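Each remark here refers to the structure printed beneath this line.
The values are calculated or read from the model by the stated rules, or taken from the named source; none is laboratory data. Model, not experiment: these values are computed from the prediction. Please note: Cβ atoms are built from the backbone with ideal geometry, for glycine as well, and neighbour counts cover all protein chains shown. Accessible surface areas use protein heavy atoms only, side chains included; no ligands, DNA or RNA. Shrake-Rupley method; radii C 1.70, N 1.55, O 1.52, S 1.80 Å.
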Amino acid sequence: MSQAEIGLIGLGVMGSNLALNIAEKGNKIAVFNRTVDATRRFYAEAGALKDQIVPCETIQEFVAAIRPPRPIIIMIKAGDPVDQQMEALKPHLAKGDIMIDAGNANFRDTMRRFDALKDSGLTFIGMGVSGGEEGARHGPSIMVGGTEESYRRVEKVLTSIAAKYDSDPCVAWLGENGAGHFVKTIHNGIEYADMQMIAEIYGILRDGLKMSAQEIGEVFGAWNKGRLNSYLIEITEKVLKAADPLTGNPIVDMILDKAGQKGTGKWSVIEAQNMGVPATAIEAAVAARSISSAKGEREAAEKILGLPPVGEIRVTDRDAFIKDLENALLAAKVGAYAQGFAVMSAASNEFGWNLPMPTIAKIWRAGCIIRSQFLDEITTAFTKAPDAARSDRHARLRGHGQGDRRGLAPGGFDGCPRRSSGTGACLGARLLRQLPPRPRHCKRHPGAARLLRRPWLRPHRRRRQPSWAVGQRLERLSSHASGGAAGPSLLRHVQASHGV
Ligand code: 6PG
(Lines give C-alpha, C1' and ligand atoms only; values in the text may rest on other atoms or scores of the structure.)
Protein backbone atom coordinates (compact mmCIF):
# COMPACT_ATOMS: atom_id res chain seq x y z
CA MET A 1 0.00 0.00 0.00
CA SER A 2 1.36 3.48 -0.87
CA GLN A 3 2.28 5.77 1.98
CA ALA A 4 0.10 8.65 3.13
CA GLU A 5 0.99 12.13 1.88
CA ILE A 6 0.21 13.70 5.24
CA GLY A 7 -0.82 12.76 8.79
CA LEU A 8 -3.33 14.26 11.19
CA ILE A 9 -3.57 13.92 14.95
CA GLY A 10 -6.80 14.89 16.73
CA LEU A 11 -10.13 13.68 15.40
CA GLY A 12 -12.34 16.22 17.13
CA VAL A 13 -14.80 18.25 15.06
CA MET A 14 -12.20 20.37 13.25
CA GLY A 15 -9.69 17.54 12.83
CA SER A 16 -12.25 15.06 11.46
CA ASN A 17 -13.58 17.54 8.96
CA LEU A 18 -10.14 18.62 7.83
CA ALA A 19 -9.11 14.96 7.41
CA LEU A 20 -12.20 14.22 5.31
CA ASN A 21 -11.51 17.29 3.17
CA ILE A 22 -7.90 16.16 2.63
CA ALA A 23 -9.04 12.64 1.71
CA GLU A 24 -11.80 13.90 -0.58
CA LYS A 25 -9.32 15.98 -2.57
CA GLY A 26 -7.43 12.80 -3.47
CA ASN A 27 -4.68 12.94 -0.82
CA LYS A 28 -3.94 9.84 1.19
CA ILE A 29 -3.99 10.68 4.90
CA ALA A 30 -2.97 8.81 8.05
CA VAL A 31 -5.03 9.65 11.14
CA PHE A 32 -4.45 9.13 14.85
CA ASN A 33 -6.36 10.07 17.98
CA ARG A 34 -5.43 9.77 21.65
CA THR A 35 -8.48 7.57 22.19
CA VAL A 36 -8.66 4.62 19.82
CA ASP A 37 -12.46 4.61 19.81
CA ALA A 38 -12.57 8.00 18.10
CA THR A 39 -10.24 6.74 15.35
CA ARG A 40 -12.37 3.64 14.79
CA ARG A 41 -15.58 5.67 14.73
CA PHE A 42 -14.11 8.19 12.31
CA TYR A 43 -12.95 5.48 9.94
CA ALA A 44 -16.24 3.58 10.15
CA GLU A 45 -18.13 6.72 9.14
CA ALA A 46 -15.75 7.76 6.35
CA GLY A 47 -17.84 6.00 3.66
CA ALA A 48 -16.41 6.27 0.18
CA LEU A 49 -13.35 8.13 1.48
CA LYS A 50 -12.07 5.08 3.39
CA ASP A 51 -9.65 4.21 0.55
CA GLN A 52 -7.79 7.46 1.15
CA ILE A 53 -7.59 7.09 4.93
CA VAL A 54 -5.11 5.06 7.00
CA PRO A 55 -6.50 4.76 10.54
CA CYS A 56 -3.70 4.22 13.06
CA GLU A 57 -3.96 3.05 16.65
CA THR A 58 -0.39 3.67 17.78
CA ILE A 59 2.01 6.57 17.20
CA GLN A 60 4.59 4.17 15.71
CA GLU A 61 2.08 2.83 13.19
CA PHE A 62 0.97 6.39 12.40
CA VAL A 63 4.46 7.75 11.76
CA ALA A 64 5.41 4.75 9.64
CA ALA A 65 2.35 5.30 7.44
CA ILE A 66 3.47 8.75 6.23
CA ARG A 67 5.87 9.48 3.38
CA PRO A 68 9.03 11.27 4.64
CA PRO A 69 9.70 14.08 5.21
CA ARG A 70 6.49 13.66 7.17
CA PRO A 71 4.07 16.56 7.54
CA ILE A 72 1.88 15.96 10.60
CA ILE A 73 -1.07 18.21 11.36
CA ILE A 74 -1.84 18.54 15.07
CA MET A 75 -5.45 19.66 15.48
CA ILE A 76 -6.07 19.62 19.22
CA LYS A 77 -6.92 22.12 21.96
CA ALA A 78 -4.48 25.04 21.90
CA GLY A 79 -1.99 25.44 24.74
CA ASP A 80 -0.25 22.76 26.84
CA PRO A 81 -1.84 19.79 25.02
CA VAL A 82 0.07 20.84 21.88
CA ASP A 83 3.41 20.83 23.74
CA GLN A 84 2.57 17.43 25.25
CA GLN A 85 1.64 16.00 21.86
CA MET A 86 4.82 17.33 20.29
CA GLU A 87 6.91 15.77 23.05
CA ALA A 88 5.17 12.43 22.51
CA LEU A 89 5.77 12.58 18.74
CA LYS A 90 9.37 13.76 18.73
CA PRO A 91 11.15 10.48 19.51
CA HIS A 92 9.42 8.82 16.55
CA LEU A 93 10.27 11.46 13.96
CA ALA A 94 13.26 11.83 11.64
CA LYS A 95 15.21 14.74 10.16
CA GLY A 96 13.08 16.99 7.98
CA ASP A 97 9.73 15.93 9.48
CA ILE A 98 7.29 18.77 10.04
CA MET A 99 4.90 19.21 12.94
CA ILE A 100 2.03 21.51 11.98
CA ASP A 101 -0.08 23.13 14.69
CA ALA A 102 -3.40 23.97 13.04
CA GLY A 103 -5.21 25.19 16.15
CA ASN A 104 -5.86 28.76 17.31
CA ALA A 105 -2.46 29.05 18.98
CA ASN A 106 -0.97 32.16 20.49
CA PHE A 107 1.72 33.12 17.96
CA ARG A 108 4.20 33.59 20.81
CA ASP A 109 3.83 29.88 21.64
CA THR A 110 4.33 29.13 17.95
CA MET A 111 7.56 31.15 17.89
CA ARG A 112 8.77 29.35 21.01
CA ARG A 113 7.98 25.93 19.51
CA PHE A 114 9.61 26.87 16.22
CA ASP A 115 12.79 27.97 18.01
CA ALA A 116 12.84 24.92 20.26
CA LEU A 117 12.99 22.62 17.23
CA LYS A 118 15.61 24.65 15.37
CA ASP A 119 18.61 22.43 16.11
CA SER A 120 16.72 19.15 16.21
CA GLY A 121 16.46 18.65 12.46
CA LEU A 122 12.68 18.74 12.84
CA THR A 123 10.66 21.76 11.87
CA PHE A 124 7.45 23.42 12.86
CA ILE A 125 4.63 25.15 11.03
CA GLY A 126 2.05 27.34 12.76
CA MET A 127 -1.03 27.23 10.57
CA GLY A 128 -4.11 29.38 11.05
CA VAL A 129 -7.24 27.67 9.74
CA SER A 130 -10.42 29.67 9.47
CA GLY A 131 -13.95 28.72 8.49
CA GLY A 132 -15.14 26.60 11.39
CA GLU A 133 -16.46 23.09 10.84
CA GLU A 134 -17.93 23.82 7.40
CA GLY A 135 -14.76 25.46 6.22
CA ALA A 136 -12.58 22.61 7.46
CA ARG A 137 -14.75 20.12 5.57
CA HIS A 138 -15.28 22.00 2.31
CA GLY A 139 -12.59 24.67 2.06
CA PRO A 140 -11.02 26.81 4.76
CA SER A 141 -8.78 29.85 4.46
CA ILE A 142 -5.29 28.79 5.50
CA MET A 143 -2.56 31.08 6.87
CA VAL A 144 0.84 29.42 7.04
CA GLY A 145 3.92 30.41 9.06
CA GLY A 146 7.20 28.50 9.14
CA THR A 147 10.12 27.97 6.80
CA GLU A 148 9.30 28.41 3.15
CA GLU A 149 10.90 25.02 2.46
CA SER A 150 8.57 23.23 4.86
CA TYR A 151 5.61 25.00 3.28
CA ARG A 152 6.63 23.69 -0.16
CA ARG A 153 6.34 20.13 1.22
CA VAL A 154 2.64 20.67 2.09
CA GLU A 155 1.68 23.26 -0.51
CA LYS A 156 0.03 20.80 -2.88
CA VAL A 157 -2.19 19.23 -0.23
CA LEU A 158 -3.11 22.60 1.31
CA THR A 159 -3.89 24.12 -2.09
CA SER A 160 -6.17 21.22 -2.88
CA ILE A 161 -8.23 21.63 0.32
CA ALA A 162 -8.35 25.43 0.61
CA ALA A 163 -11.39 27.50 -0.30
CA LYS A 164 -11.26 29.04 -3.77
CA TYR A 165 -12.15 32.62 -4.65
CA ASP A 166 -12.88 32.42 -8.36
CA SER A 167 -10.11 29.93 -8.94
CA ASP A 168 -7.58 31.41 -6.50
CA PRO A 169 -6.84 29.09 -3.56
CA CYS A 170 -7.16 30.82 -0.18
CA VAL A 171 -3.89 29.56 1.23
CA ALA A 172 -0.46 31.16 1.43
CA TRP A 173 2.86 31.04 3.16
CA LEU A 174 2.99 34.34 5.04
CA GLY A 175 6.40 34.28 6.69
CA GLU A 176 8.65 32.59 9.23
CA ASN A 177 7.74 31.11 12.62
CA GLY A 178 4.63 32.82 14.11
CA ALA A 179 3.49 34.74 11.01
CA GLY A 180 0.57 32.44 10.16
CA HIS A 181 -0.82 32.31 13.68
CA PHE A 182 -0.38 36.06 14.10
CA VAL A 183 -2.39 36.74 10.95
CA LYS A 184 -5.07 34.28 12.11
CA THR A 185 -5.21 36.10 15.45
CA ILE A 186 -5.79 39.43 13.75
CA HIS A 187 -8.37 37.78 11.50
CA ASN A 188 -10.20 36.80 14.67
CA GLY A 189 -9.77 40.27 16.18
CA ILE A 190 -11.41 41.74 13.09
CA GLU A 191 -14.09 39.04 13.35
CA TYR A 192 -14.82 40.22 16.91
CA ALA A 193 -15.12 43.82 15.68
CA ASP A 194 -17.38 42.83 12.78
CA MET A 195 -19.67 40.90 15.11
CA GLN A 196 -19.81 43.69 17.67
CA MET A 197 -20.71 46.26 15.03
CA ILE A 198 -23.46 44.00 13.69
CA ALA A 199 -24.78 43.57 17.26
CA GLU A 200 -24.86 47.33 17.79
CA ILE A 201 -26.70 47.96 14.53
CA TYR A 202 -29.18 45.25 15.50
CA GLY A 203 -29.70 47.02 18.82
CA ILE A 204 -30.33 50.37 17.15
CA LEU A 205 -32.92 48.84 14.84
CA ARG A 206 -34.56 46.90 17.67
CA ASP A 207 -34.69 49.62 20.32
CA GLY A 208 -34.50 52.74 18.22
CA LEU A 209 -36.83 51.81 15.40
CA LYS A 210 -38.72 49.15 17.37
CA MET A 211 -38.27 46.65 14.58
CA SER A 212 -38.90 42.92 15.04
CA ALA A 213 -36.14 40.34 14.64
CA GLN A 214 -37.77 39.22 11.39
CA GLU A 215 -37.78 42.81 10.03
CA ILE A 216 -34.20 43.37 11.05
CA GLY A 217 -33.35 40.10 9.33
CA GLU A 218 -34.83 41.58 6.15
CA VAL A 219 -32.60 44.64 6.49
CA PHE A 220 -29.47 42.49 6.82
CA GLY A 221 -30.69 40.35 3.93
CA ALA A 222 -30.96 43.44 1.73
CA TRP A 223 -27.54 44.68 2.87
CA ASN A 224 -26.06 41.32 1.99
CA LYS A 225 -26.94 42.06 -1.63
CA GLY A 226 -24.90 45.26 -1.58
CA ARG A 227 -21.40 46.33 -0.55
CA LEU A 228 -21.72 44.69 2.85
CA ASN A 229 -22.08 41.28 1.20
CA SER A 230 -20.34 38.87 3.56
CA TYR A 231 -20.71 35.63 5.47
CA LEU A 232 -21.35 37.36 8.81
CA ILE A 233 -24.12 39.57 7.37
CA GLU A 234 -25.58 36.53 5.60
CA ILE A 235 -25.79 34.47 8.79
CA THR A 236 -27.08 37.47 10.74
CA GLU A 237 -30.15 37.43 8.47
CA LYS A 238 -30.56 33.69 9.04
CA VAL A 239 -30.12 33.94 12.80
CA LEU A 240 -32.59 36.81 13.11
CA LYS A 241 -35.20 34.97 11.08
CA ALA A 242 -34.78 31.70 12.98
CA ALA A 243 -37.43 30.68 15.50
CA ASP A 244 -36.88 28.85 18.77
CA PRO A 245 -38.47 25.40 18.24
CA LEU A 246 -39.72 25.26 21.84
CA THR A 247 -41.44 28.63 22.17
CA GLY A 248 -41.77 29.82 18.59
CA ASN A 249 -40.12 33.11 19.63
CA PRO A 250 -37.24 34.55 17.62
CA ILE A 251 -34.22 32.52 18.69
CA VAL A 252 -32.20 35.69 19.24
CA ASP A 253 -34.53 36.66 22.08
CA MET A 254 -34.09 33.28 23.76
CA ILE A 255 -30.30 33.32 23.86
CA LEU A 256 -28.65 34.56 27.05
CA ASP A 257 -26.84 37.87 26.49
CA LYS A 258 -23.57 36.50 27.76
CA ALA A 259 -20.68 35.80 25.39
CA GLY A 260 -17.41 34.02 26.11
CA GLN A 261 -14.14 34.23 24.25
CA LYS A 262 -11.28 31.85 23.66
CA GLY A 263 -8.43 34.35 23.48
CA THR A 264 -7.60 35.43 19.96
CA GLY A 265 -9.46 38.76 20.20
CA LYS A 266 -7.71 39.55 23.47
CA TRP A 267 -4.31 38.63 22.02
CA SER A 268 -4.94 40.96 19.07
CA VAL A 269 -5.52 43.83 21.48
CA ILE A 270 -2.55 42.94 23.70
CA GLU A 271 -0.20 42.84 20.72
CA ALA A 272 -1.61 46.07 19.29
CA GLN A 273 -1.02 47.75 22.66
CA ASN A 274 2.47 46.26 22.92
CA MET A 275 3.37 47.88 19.63
CA GLY A 276 1.53 51.12 20.34
CA VAL A 277 -0.88 50.69 17.46
CA PRO A 278 -4.48 51.72 18.14
CA ALA A 279 -6.98 48.98 17.42
CA THR A 280 -9.95 50.68 19.02
CA ALA A 281 -12.63 48.74 17.14
CA ILE A 282 -11.16 45.41 18.28
CA GLU A 283 -10.52 46.75 21.79
CA ALA A 284 -14.16 47.83 22.11
CA ALA A 285 -15.37 44.46 20.83
CA VAL A 286 -13.21 42.51 23.30
CA ALA A 287 -14.33 44.79 26.13
CA ALA A 288 -17.93 44.32 25.03
CA ARG A 289 -17.59 40.56 25.33
CA SER A 290 -16.07 40.90 28.77
CA ILE A 291 -18.90 43.19 29.88
CA SER A 292 -21.44 40.83 28.40
CA SER A 293 -19.93 37.89 30.28
CA ALA A 294 -20.19 39.82 33.56
CA LYS A 295 -23.93 39.31 33.57
CA GLY A 296 -24.16 39.02 37.35
CA GLU A 297 -22.50 42.41 37.84
CA ARG A 298 -24.64 44.00 35.14
CA GLU A 299 -27.81 42.74 36.79
CA ALA A 300 -26.64 43.96 40.19
CA ALA A 301 -25.80 47.41 38.74
CA GLU A 302 -29.17 47.53 37.00
CA LYS A 303 -30.94 47.14 40.35
CA ILE A 304 -29.13 50.19 41.68
CA LEU A 305 -28.89 52.37 38.59
CA GLY A 306 -31.74 51.12 36.43
CA LEU A 307 -31.39 50.66 32.70
CA PRO A 308 -30.20 53.54 30.56
CA PRO A 309 -33.26 55.28 29.13
CA VAL A 310 -33.87 54.00 25.65
CA GLY A 311 -35.91 56.21 23.43
CA GLU A 312 -37.53 55.45 20.16
CA ILE A 313 -35.83 57.23 17.29
CA ARG A 314 -38.40 59.15 15.33
CA VAL A 315 -37.26 59.53 11.79
CA THR A 316 -39.03 61.24 8.96
CA ASP A 317 -37.54 58.95 6.38
CA ARG A 318 -36.99 55.48 7.80
CA ASP A 319 -35.44 54.06 4.63
CA ALA A 320 -32.94 56.91 4.49
CA PHE A 321 -32.09 56.33 8.14
CA ILE A 322 -31.48 52.62 7.49
CA LYS A 323 -29.36 53.60 4.50
CA ASP A 324 -27.33 55.80 6.87
CA LEU A 325 -26.82 52.83 9.13
CA GLU A 326 -25.64 50.74 6.20
CA ASN A 327 -23.11 53.43 5.31
CA ALA A 328 -22.10 53.75 8.96
CA LEU A 329 -21.50 50.02 9.19
CA LEU A 330 -19.43 50.08 6.04
CA ALA A 331 -17.39 53.03 7.33
CA ALA A 332 -16.92 51.31 10.68
CA LYS A 333 -15.78 48.17 8.87
CA VAL A 334 -13.22 50.19 6.95
CA GLY A 335 -11.95 51.51 10.27
CA ALA A 336 -11.74 48.08 11.89
CA TYR A 337 -9.99 46.49 8.92
CA ALA A 338 -7.66 49.45 8.54
CA GLN A 339 -6.70 49.03 12.19
CA GLY A 340 -6.23 45.27 11.78
CA PHE A 341 -3.95 45.78 8.79
CA ALA A 342 -2.07 48.51 10.66
CA VAL A 343 -1.42 46.07 13.53
CA MET A 344 -0.16 43.45 11.06
CA SER A 345 2.02 46.05 9.38
CA ALA A 346 3.63 46.97 12.70
CA ALA A 347 4.06 43.30 13.67
CA SER A 348 5.65 42.59 10.32
CA ASN A 349 8.36 45.13 11.17
CA GLU A 350 8.63 44.10 14.79
CA PHE A 351 9.08 40.38 14.07
CA GLY A 352 10.77 40.68 10.67
CA TRP A 353 8.09 38.76 8.78
CA ASN A 354 7.59 40.92 5.72
CA LEU A 355 3.88 40.03 5.75
CA PRO A 356 2.38 40.20 2.25
CA MET A 357 -0.68 42.40 2.84
CA PRO A 358 -2.27 41.96 -0.61
CA THR A 359 -1.96 38.18 -0.22
CA ILE A 360 -3.55 38.28 3.23
CA ALA A 361 -6.52 40.23 1.87
CA LYS A 362 -6.71 37.76 -1.02
CA ILE A 363 -6.80 34.61 1.09
CA TRP A 364 -9.47 36.13 3.34
CA ARG A 365 -11.87 36.54 0.42
CA ALA A 366 -13.27 33.01 0.79
CA GLY A 367 -13.39 30.21 3.32
CA CYS A 368 -12.81 32.25 6.46
CA ILE A 369 -15.36 33.74 8.84
CA ILE A 370 -14.76 37.35 7.73
CA ARG A 371 -15.00 36.50 4.02
CA SER A 372 -16.70 39.26 2.11
CA GLN A 373 -16.97 41.26 -1.07
CA PHE A 374 -15.32 44.06 0.87
CA LEU A 375 -12.12 42.00 1.10
CA ASP A 376 -12.04 41.81 -2.66
CA GLU A 377 -12.11 45.63 -2.67
CA ILE A 378 -9.25 45.65 -0.17
CA THR A 379 -7.34 43.21 -2.37
CA THR A 380 -7.88 45.47 -5.36
CA ALA A 381 -6.80 48.53 -3.37
CA PHE A 382 -3.60 46.78 -2.29
CA THR A 383 -2.96 45.27 -5.70
CA LYS A 384 -3.30 48.61 -7.44
CA ALA A 385 -0.77 50.16 -5.10
CA PRO A 386 1.32 47.32 -3.64
CA ASP A 387 3.78 49.85 -2.24
CA ALA A 388 1.06 51.07 0.07
CA ALA A 389 1.21 47.73 1.81
CA ARG A 390 4.95 47.92 2.36
CA SER A 391 6.03 51.50 2.55
CA ASP A 392 5.06 53.59 5.53
CA ARG A 393 6.18 56.70 3.77
CA HIS A 394 4.03 56.03 0.77
CA ALA A 395 1.08 55.14 2.96
CA ARG A 396 1.51 58.34 4.93
CA LEU A 397 1.66 60.45 1.82
CA ARG A 398 -1.38 58.92 0.21
CA GLY A 399 -3.29 58.83 3.47
CA HIS A 400 -2.44 62.47 4.05
CA GLY A 401 -3.68 63.77 0.74
CA GLN A 402 -6.87 61.79 0.74
CA GLY A 403 -7.44 62.28 4.42
CA ASP A 404 -7.43 66.03 4.05
CA ARG A 405 -9.86 65.90 1.22
CA ARG A 406 -12.23 63.52 2.90
CA GLY A 407 -11.95 64.73 6.46
CA LEU A 408 -10.01 61.70 7.65
CA ALA A 409 -7.18 61.96 10.07
CA PRO A 410 -4.13 61.56 7.89
CA GLY A 411 -2.27 58.45 8.83
CA GLY A 412 -5.16 57.15 10.81
CA PHE A 413 -8.84 56.50 11.06
CA ASP A 414 -10.98 56.27 14.15
CA GLY A 415 -8.59 57.08 16.83
CA CYS A 416 -5.35 56.31 14.98
CA PRO A 417 -2.97 59.12 15.78
CA ARG A 418 -2.07 61.43 12.94
CA ARG A 419 1.48 60.24 12.65
CA SER A 420 0.98 56.52 13.18
CA SER A 421 0.95 55.99 9.41
CA GLY A 422 0.91 52.54 7.93
CA THR A 423 -1.00 50.39 5.58
CA GLY A 424 -4.32 50.49 7.34
CA ALA A 425 -4.63 54.23 7.30
CA CYS A 426 -3.87 54.43 3.64
CA LEU A 427 -6.28 51.65 2.87
CA GLY A 428 -9.03 53.26 4.91
CA ALA A 429 -8.54 56.54 3.11
CA ARG A 430 -8.62 54.89 -0.26
CA LEU A 431 -11.76 52.87 0.43
CA LEU A 432 -13.55 55.85 1.89
CA ARG A 433 -13.06 57.86 -1.27
CA GLN A 434 -16.38 56.54 -2.41
CA LEU A 435 -18.24 57.93 0.59
CA PRO A 436 -19.53 61.51 0.71
CA PRO A 437 -17.12 64.11 2.07
CA ARG A 438 -17.42 65.41 5.62
CA PRO A 439 -18.89 68.91 5.79
CA ARG A 440 -16.47 71.51 7.14
CA HIS A 441 -18.47 72.24 10.30
CA CYS A 442 -18.36 68.62 11.58
CA LYS A 443 -15.56 68.03 14.06
CA ARG A 444 -13.63 64.79 14.33
CA HIS A 445 -14.19 62.62 17.37
CA PRO A 446 -11.79 59.91 18.46
CA GLY A 447 -12.61 56.49 19.80
CA ALA A 448 -14.41 53.33 18.80
CA ALA A 449 -17.75 54.44 20.14
CA ARG A 450 -17.61 57.13 17.47
CA LEU A 451 -17.90 54.56 14.69
CA LEU A 452 -21.63 54.99 14.54
CA ARG A 453 -21.64 58.76 14.81
CA ARG A 454 -20.63 59.96 11.40
CA PRO A 455 -22.70 62.93 10.45
CA TRP A 456 -20.95 63.27 7.16
CA LEU A 457 -22.24 59.91 6.04
CA ARG A 458 -25.80 61.13 5.82
CA PRO A 459 -27.30 61.41 2.35
CA HIS A 460 -27.17 64.88 0.85
CA ARG A 461 -30.61 65.98 1.82
CA ARG A 462 -32.09 68.12 4.54
CA ARG A 463 -33.13 66.37 7.75
CA ARG A 464 -35.44 67.66 10.38
CA GLN A 465 -33.31 66.30 13.21
CA PRO A 466 -29.73 67.56 13.50
CA SER A 467 -27.43 64.72 12.64
CA TRP A 468 -25.45 65.23 15.85
CA ALA A 469 -28.52 64.46 17.89
CA VAL A 470 -29.15 61.30 15.91
CA GLY A 471 -25.53 60.34 16.38
CA GLN A 472 -25.67 60.76 20.12
CA ARG A 473 -28.83 58.74 20.36
CA LEU A 474 -27.36 56.01 18.20
CA GLU A 475 -24.41 55.77 20.48
CA ARG A 476 -26.62 55.59 23.54
CA LEU A 477 -28.83 52.97 21.95
CA SER A 478 -25.95 50.93 20.69
CA SER A 479 -24.49 50.62 24.14
CA HIS A 480 -27.78 49.64 25.65
CA ALA A 481 -28.92 47.28 22.94
CA SER A 482 -25.94 45.03 22.98
CA GLY A 483 -26.37 44.26 26.64
CA GLY A 484 -24.04 47.05 27.56
CA ALA A 485 -21.76 45.83 24.88
CA ALA A 486 -20.27 49.13 23.78
CA GLY A 487 -18.33 49.33 27.03
CA PRO A 488 -16.98 52.84 27.28
CA SER A 489 -20.13 54.46 25.98
CA LEU A 490 -22.23 52.45 28.44
CA LEU A 491 -20.24 53.77 31.35
CA ARG A 492 -20.39 57.32 30.07
CA HIS A 493 -24.10 56.96 29.66
CA VAL A 494 -24.68 55.55 33.12
CA GLN A 495 -22.66 58.42 34.53
CA ALA A 496 -24.57 61.00 32.52
CA SER A 497 -27.99 59.53 33.31
CA HIS A 498 -27.38 59.38 37.00
CA GLY A 499 -25.30 62.47 37.47
CA VAL A 500 -22.34 60.50 38.82
C1 6PG B 1 -12.54 30.87 12.49
C2 6PG B 1 -13.07 31.37 13.79
C3 6PG B 1 -12.91 30.38 14.87
C4 6PG B 1 -13.62 30.84 16.15
C5 6PG B 1 -12.62 31.40 17.09
C6 6PG B 1 -13.09 32.47 17.96
O7 6PG B 1 -11.79 31.62 11.92
O8 6PG B 1 -12.91 29.78 12.06
O9 6PG B 1 -12.41 32.54 14.15
O10 6PG B 1 -11.55 30.17 15.01
O11 6PG B 1 -14.64 31.70 15.86
O12 6PG B 1 -12.15 30.29 17.80
O13 6PG B 1 -13.73 31.94 19.05
P14 6PG B 1 -14.27 32.87 20.19
O15 6PG B 1 -15.17 33.84 19.50
O16 6PG B 1 -14.99 31.93 21.08
O17 6PG B 1 -13.11 33.50 20.85
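Values as computed for the structure displayed
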read-out: Probe 1.4 Å, accessible area per residue of region 1-97, Å²; value: 47
read-out: Neighbourhood net charge (12 Å Cβ-Cβ; Lys/Arg +1, Asp/Glu -1) for Ser290; value: +3
read-out: Protection proxy ranking of 132-139, 158-165, 42-49 - average other beta-carbon atoms within 10 Å, highest first; value: 158-165, 132-139, 42-49
read-out: Virtual spin-label span in nm between Ala94 and Glu45, 7 Å along Cα→Cβ; value: 3.5
read-out: Stretchable slack from Asp115 to Lys164, in nm (0.36 nm times residue separation minus alpha-carbon distance); value: 14.4 nm
read-out: FRET efficiency, Met275 to Asp80 (Cβ-Cβ, R0 30 Å, nearest 0.05); value: 0.65
read-out: Counting DSSP beta bridges with both ends in region 96-144, the antiparallel % (nearest 5); value: 50
read-out: Sparsely packed trypsin sites (Lys or Arg not before Pro) within region 214-265, loop by DSSP, other Cβ within 10 Å at most 15; value: Lys225, Lys258, Lys262
read-out: Cα centroid separation, region 216-290 to region 45-76 (Å); value: 36
read-out: Extended-chain gain in nm, criterion 0.36 nm per residue less alpha-carbon gap, Asp37 and Glu350; value: 108.2 nm
read-out: Ser2-Arg227 pseudo-label distance in nm [points 7 Å out on the Cα-to-Cβ vector]; value: 4.9
read-out: Protection-proxy order for peptides 359-366, 85-92, each taking the mean of Cβ atoms within 10 Å per residue, highest first; value: 359-366, 85-92
read-out: Full-extension gain in nm, Lys323 to Ile235, via 0.36 nm per residue minus C-alpha separation; value: 29.7 nm
read-out: Carbon plus sulfur fraction of accessible area for region 229-301, probe 1.4 Å, in percent; value: 58
read-out: Too-long pairs where the Cα-Cα distance tops 18 Å, listed order kept, from Lys28/Lys77; Lys238/Lys258; Lys28/Lys90; Lys164/Lys362; Lys28/Lys95; value: Lys28/Lys77; Lys238/Lys258; Lys28/Lys90; Lys28/Lys95
